[in-house]
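Remarks on the structure that follows.
The values are calculated or read from the model by the stated rules, or taken from the named source; none is laboratory data. Since the model is a prediction, treat every value here as computed from it, not as a measurement. Here the Cβ positions follow ideal geometry from the backbone for every residue, glycine too, while neighbour counts run over all protein chains shown. Keep in mind that these areas ignore ligands, DNA and RNA; they rest on the heavy atoms of the full protein, side chains included. Shrake-Rupley method; radii C 1.70, N 1.55, O 1.52, S 1.80 Å.
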Amino acid sequence: MLDPSDDDPFEDPFGDDPLDDPFGDGSAGEGEADEDIASTFESIDRATLLAFITVGILVHGGLFAASLGAMLVGFRGQWVVGGTLTAAGVGALVLSVGIYRRYKAKQDA
């Protein structure tokens with residue numbers, strides 16, 4: 001049975017180091033992960049990496065601009081700024097689709 005008198009209110013419940021990872025296994029092992037990442041980046045084709053990064057940035061920026069522009073038009077009635085942002089966001093999304101299709105066609109050929 002649990003005895004409430006055994007609980008020390010001043011005892012540190014997290015152990016010795018408050019910055020220690022409670023889910024870690026105790027080994028650092030970060031050097032192995034850095035080597036794995038470096039070898040992965042060396043094995044990726046430069047065109048693939050460039051297309052991936054470009055499409056990723058365009059999709060994220062396009063979604064942000066289109067949604068922010070739509071909210072500015074809908075909630076504040078700012079048609080000029082909101083419309084411009086929405087058009088730029090949709091344009092970025094269309095451009096990202098074009099880049100992906102051009103990359104895919106180049107890979108299939």
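Restricting attention to region 74-96, the residues that are surrounded by 14 or more Cβ atoms within 10 Å (Cβ to Cβ) and either in contact with a strand residue (DSSP E or B) (Cβ under 7 Å, 6 or more places away or on another chain) or not polar (S, T, N, Q) (or both) total 10. Quickly run through region 49-68 and pick out the residues that are of a type in the set (Ser, Thr, Tyr) and touching a residue at least 40 places away in the same chain (Cβ under 8 Å). The one that is of a type in the set (Ser, Thr, Tyr) and touching a residue at least 40 places away in the same chain (Cβ under 8 Å): Thr54. The residues of region 87-107 that are within 15 Å of Ser67 (Cα to Cα) and more than 22 Å from the chain's Cα centre (by Cα) amount to a single one, Ala87.
Tell me whether region 65-73 contains one or more residues that are open to solvent by 90 Å² or more (accessible area, probe 1.4 Å) and at pLDDT below 95.
Kept after step one, since they are open to solvent by 90 Å² or more (accessible area, probe 1.4 Å), are these residues of region 65-73: 71.
The next check asks that each one be at pLDDT below 95; those that pass are none.
Checking region 65-73: not a single residue is open to solvent by 90 Å² or more (accessible area, probe 1.4 Å) and at pLDDT below 95.
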